[in-house]
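Asker: I'd like to ask you about the structure that follows.
The values are calculated or read from the model by the stated rules, or taken from the named source; none is laboratory data. Quantities reported herein were computed from a predicted structural model and do not represent experimental measurements. So basically every Cβ, Gly included, is an ideal-geometry build from the backbone, and we count neighbours across all protein chains shown. Accessible surface areas use protein heavy atoms only, side chains included; no ligands, DNA or RNA. Shrake-Rupley method; radii C 1.70, N 1.55, O 1.52, S 1.80 Å.
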Amino acid sequence: MTQLRVRRARLLDDGDLVDLHVEGGRVSSVERHSTDAPDRVADVEIDAAGGLVRPPFVEPHIHLDATLTAGEPRWNSSGTLWEGIAVWSERKRSVSREDVIARAEQVLRWQAAQGVLFVRSHCDVTDPDLTALDALLELRERVRDVVVLQVVAFPQEGIVSFPDGAKLLEEAVRRGADVVGAIPHFEDTREDGVRSLEIAVDIAARYDKAVDAHCDEIDDEQSRFVEVLATLALRSGLRERVTASHTTAMGSYNAAYAFKLERLLGRAGINLVSNPLVNLALQGRFDDYPKRRGLTRVKEMLAAGVNVAFGSDDVMDPWFPLGTASPMLLAHTGVVAAQMTGQDEIAETLEMVSTRAARVLGLGEEYGLEPGRPANLVVLPATSRLDAVRRQVAPQWVVARGGLVAERGPSPVRLRWLGEEHVVDFVRDGDAAAATWRDASIREGVSP
Ligand code: FE2
């Protein structure tokens, strides 16, 4: 008997229904749905009932070492990035292995429950003991059958401007960090910032690692380190293994310079990660009105052929007091913040928290629903990507390496309305494609 089967799945917005079979933890076949097929052919049967079945969500940018510390030892009262760094430098004195693992693992559970099965977490390595790094590397190994965790050695307080910053960064990579980070706009001078990127790219090249730099996370239109990073990516040959995160200064660049950048970034092949929730909240804090949005040029860079993904960045930490690490909230916020309100643009925001983020992590053939690939997937009770983003639907089922790891019971709201009972699920009346799964979501569950 097949290990697991997902019946009546819709892989594309307007696609035909298919049945997806899993054997040995991998997708074994994807066939057009047949009503002649026997009712039960697998140990675990999931009836998607016409809902979207997609590869899992991917988190390209989060800080799990600092997560769930909001208010410790004090709240960030100004709300600025800079006070956040100051509060974190106080909190990190009490960081321990157990403390980091407990908080990080809780957020990983939240993510898995929402179908996020690949996570890239930055980890502050401006700690001479590298306590948080060792903790996250330990956690990475323990959770690997459910969630693939990439750890970025992130020099929160600088590489050149922090004592022994470069040594600590290299030591973190030697201990097993997957990705080399940087923070050039935080270094003391422009020259230090340039030098810090050269050091990061050099370490990455020598240890065969990827690069993911916090780059130009500031409203200063003079902060132009992304051109340095892109050029180093091009000349070192690391190219698509290099990511510039945040790049919020790009939202303040003049059009002539932005045009030059589009060309350079396109040629270099680097990725951008925008963090719409946190960028909206943190940037523009020094502006009077009009106040800048604080996002990078998301639409324009996508149009220029640059891979752009959305990340959470912070979940209840000194930089952002809210958050549940929800990929659907990110996509939804991205629609608004980046003004991606066209029909195709809304659909694209779902790719930015899944397939485009997978490119940032360099997942290659470890990701996707093609036969032979590891069976990681989510079943969304939605008929299209636009529908999924609009209603911010959570997966009904999450499958990791062929095993069911999360399921959500049907929970439509029953509304008593002027003498009648209505089921409210926020689907627009008349959406014929939704009829099947709407009925099924109330009637059926998974059969173990
Ligand atoms: Fe960040």
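Asker: Let me have the 222 nm mean residue ellipticity of the chain computed from DSSP H runs of 4+ only, each contributing -39500 (n - 2.57), with the sum over all residues rounded to the nearest 500. Can you show the working numbers first?
Answerer: Working: 14 runs with 152 residues, N = 448.
Only helices count here, giving -10000 deg cm²/dmol.
Asker: Tally Lys/Arg at +1 and Asp/Glu at -1 over every other residue whose Cβ is under 14 Å from the Cβ of THR131; what's the total?
Answerer: Working: positive: ARG91, LYS92, ARG93, ARG97, ARG103, ARG175; negative: ASP65, GLU98, ASP99, ASP124, ASP127, ASP129, ASP134, GLU138, GLU171.
Once all neighbours under 14 Å are counted, the net charge is -3.
Asker: May I pose another question? Can you compute the FRET efficiency between ARG93 and ASP188 using 1/(1 + (r/R0)^6), with r the Cβ-Cβ distance and R0 = 22 Å? Round to the nearest 0.05.
Answerer: Values: r = 23 Å, r/R0 = 1.03.
It comes out at approximately 0.45.
Asker: If amide hydrogens are placed 1.01 Å from N in the peptide plane, which non-local residues have theirs closer than 5 Å to the one on PHE320?
Answerer: Correct list: empty.
Asker: Calculate one ³J(HN,Hα) per residue across the stretch 390-397 by plugging θ = phi - 60° into the Karplus curve 6.51 cos²θ - 1.76 cosθ + 1.60, and present them in order as whole Hz with x for glycine and proline.
Answerer: Result, ordered by residue: 4, 8, 6, 6, 9, x, 6, 9 Hz.
Asker: Let me ask you something else. Roughly speaking, what % of Cα-Cα pairs in the stretch 88-140 are separated by over 17 Å, rounded to a whole number? Before the final figure, lay out the partial values.
Answerer: Details: 500 of 1378 pairs.
That tail contains 36 percent of the Cα-Cα pairs.
Asker: Here's another thing I want to ask about it. So for ARG26, ARG224, what's the accessible-area order with a 1.4 Å probe, most first?
Answerer: Details: ARG26 105, ARG224 60 Å².
Greatest to least solvent exposure: ARG26, ARG224.
Asker: Which pairs in the list LYS167/LYS299; LYS92/LYS291; LYS92/LYS167 are over 26 Å apart, alpha-carbon to alpha-carbon?
Answerer: In this structure, LYS167/LYS299; LYS92/LYS291 lie more than 26 Å apart at Cα.
Asker: Find the eigenvalues of the gyration tensor of the Cα atoms of the stretch 43-82, then list the square roots of 5 times those eigenvalues as equivalent ellipsoid semi-axes, largest first, in whole angstrom.
Answerer: Working: eigenvalues 326, 32, 23 Å².
After scaling each eigenvalue by five and taking roots: 40, 13, 11 Å.
Asker: According to the Cα gyration tensor, what semi-axes, each the square root of 5 times an eigenvalue, does the equivalent ellipsoid of the chain have, listed from largest to smallest in whole Å? The partial results should precede the final answer.
Answerer: On the way: eigenvalues 293, 112, 93 Å².
Three semi-axes, in Å: 38, 24, 22.
Asker: If you average the sequence gap of Cα pairs under 8 Å that are 6 or more apart and divide by the length of the chain, what percent do you get for the contact order? Could the numbers behind the result be given before it?
Answerer: Values: 1011 pairs, mean separation 87.8, N = 448.
Relative contact order of the chain: 20 percent.
Asker: Okay, moving on. Give a residue-ordered list of calculated ³J(HN,Hα) values for the stretch 277-293 (Karplus: 6.51 cos²θ - 1.76 cosθ + 1.60, θ = phi - 60°; whole Hz; x for Gly, Pro).
Answerer: 4, 6, 4, 4, 6, 8, 7, x, 6, 9, 7, 7, 8, x, 9, 6, 6
Asker: Still on this model: Just to confirm the number: angle between the C-alpha axis of helix 255-268 and the first principal axis of the chain, 0 to 90 degrees, nearest 10?
Answerer: So the inclination is approximately 70 degrees.
Asker: Then there is this: Once amide H atoms are placed 1.01 Å from N in the peptide plane, what residues at a sequence separation of 5 or more from THR243, or on another chain, have their amide H within under 5 Å of its amide H?
Answerer: Close amide H contacts, sequence-distant or interchain: VAL211, ASP212, ALA213, ASN271.
Asker: How many angstrom lie between the Cα centre of the stretch 370-392 and the Cα centre of the stretch 241-268?
Answerer: Using only Cα atoms, the two centres lie 31 Å from each other.
Asker: Round to the nearest 10 and give me the degree value, 0 to 90, for the angle of helix 343-352's Cα axis relative to the longest principal axis of the chain.
Answerer: The answer is roughly 70 degrees.
Asker: Going by Cα centres, the stretch 79-136 and the stretch 1-62 are how many Å apart?
Answerer: Centre-to-centre (Cα) distance: 35 Å.
Asker: What's the longest bit of the chain with no exposed chymotrypsin sites (Phe, Trp or Tyr not before Pro), using DSSP loop states and at most 14 other Cβ atoms within 10 Å as the test?
Answerer: Working: sites that count: TRP75, PHE286, PHE426.
Counting at most 14 other Cβ atoms within 10 Å as exposed, the longest clean stretch of the chain is 76-285.
Asker: Considering amide H positions built from the backbone, and no H for Pro or chain starts, which residues 5 or more places from GLN156, or on another chain, come under 5 Å of its amide H?
Answerer: VAL125, THR126
Asker: What share of the DSSP beta bridges in the stretch 57-364 is antiparallel, in percent to the nearest 5?
Answerer: On the way: 1 of 29 bridges.
Bridges in the stretch 57-364 that DSSP calls antiparallel: roughly 5 percent.
Asker: For the Cα atoms of the chain, what angle does the longest principal axis make with the long axis of helix 327-337, in degrees from 0 to 90, nearest 10?
Answerer: So the helix axis and the longest Cα principal axis differ by about 70 degrees.
Asker: Then there is this: Tell me the accessible surface of MET328 in square angstrom (1.4 angstrom probe, heavy atoms of protein chains only), to the nearest ten.
Answerer: We get 10 Å² for MET328.
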